[in-house]
């Protein structure tokens with residue numbers, strides 16, 4: 001056991017970069033797959049809608065912690081060596097895709113039906129109606145809830161410590177094991193999460209007010 005030092009505080013601050021990195025990967029990977037899921041949920045193909053709905057139900061109805069375990073240990077069982085960052089990024093992306101896909105599905109369906117009908121009257125093709133008429137309007141609606149979910153995604157990165165990825169929470173655990181000062185260490189960890197998430201929450205509120213007008 002040793003005293004808490006300023007170097008420990010520096011380690012916590014530096015660990016934020018891995019939390020940010022994992023969050024960025026999760027939102028980019030989850031956003032890409034989530035858009036595919038959202039388009040599948042709103043497509044005219046019945047089987048595609050069922051598959052996308054099943055995907056959403058599975059990932060929304062199971063804990064992210066279990067998904068991390070299944071990805072990390074499941075890939076290893078297949079004989080493929082995977083590091084904690086890759087496993088955490090994959091699990092977070094798959095999980096985020098389910099939630100973002102459902103959020104964006106609602107945003108797409110909130111665009112007035114007349115917009116699509118007007119595009120059909122102009123003889124636009126299906127992909128033109130989606131990407132030129134519907135999605136640009138849905139994006140405006142989707143920005144506030146997407147930013148809100150980003151805050152949740154940042155906090156969910158803390159679960160990656162379970163599979164050995166050394167981000168902010170795992171760094172706090174390591175420092176606590178050396179100093180045996182859990183209240184101090186995890187209070188600082190919570191403060192750093194707050195510093196990271198609070199500006200995003202404020203920005204989300206401003207976006208909601210702006211688009212409400």
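Assorted remarks:
- Residue of 92, 78, 65 that the Gaussian network model of the chain assigns the largest fluctuation, springs spanning Cα pairs under 10 Å: 78
- Dimensions in Å of region 1-56 - Rg and Dmax from alpha carbons: 20.5, 63
- Helices in the chain, meaning DSSP H runs of at least 4 residues, each add -39500 (n - 2.57). Divided by all residues, the mean residue ellipticity at 222 nm is -27000 deg cm²/dmol.
- Taking the inverse of the mean 1/r over every pair of distinct Cα atoms in region 141-213 gives a Kirkwood hydrodynamic radius of 13.7 Å.
- Among 61, 187, 93, the largest mean-square fluctuation in a Gaussian network model of the chain, built with springs joining Cα atoms closer than 10 Å, belongs to 61.
- Springs between Cα atoms under 10 Å define the GNM used for the chain, and in it the highest mean-square fluctuation of 14, 64, 22 occurs at 14.
- Cβ crowding within 10 Å ranks 49, 125 as 125, 49, fewest other Cβ atoms first.
- Value of Rg to Rh for the chain (Rh from inverse mean 1/r over Cα pairs, i.e. Kirkwood): 1.07
- A simple packing score, the average count of other Cβ atoms within 10 Å per residue, orders the peptides 3-10, 23-30, 105-112 as 23-30, 105-112, 3-10, with the highest score first.
- Helix axis angle, 168-179 relative to the chain longest principal axis, alpha carbon, degrees: 10
- The chain: angle of helix 182-212 to the longest principal axis, Cα-based, in degrees nearest 10: 20
- Against the chain, whose longest principal axis comes from its Cα atoms, helix 46-60 is set at around 20 degrees.
- Tensor-based shape of region 19-115 (alpha-carbon gyration tensor, a/c under 1.5 rounded, otherwise prolate or oblate): prolate
Values quoted throughout were computed directly from the atomic coordinates according to the rules given, and no laboratory measurement underlies them. Worth saying up front: this structure is predicted, and the values here are computed from it rather than measured. Note: ideal-geometry Cβ built from the backbone for every residue, glycine included; neighbour counts use all protein chains shown.
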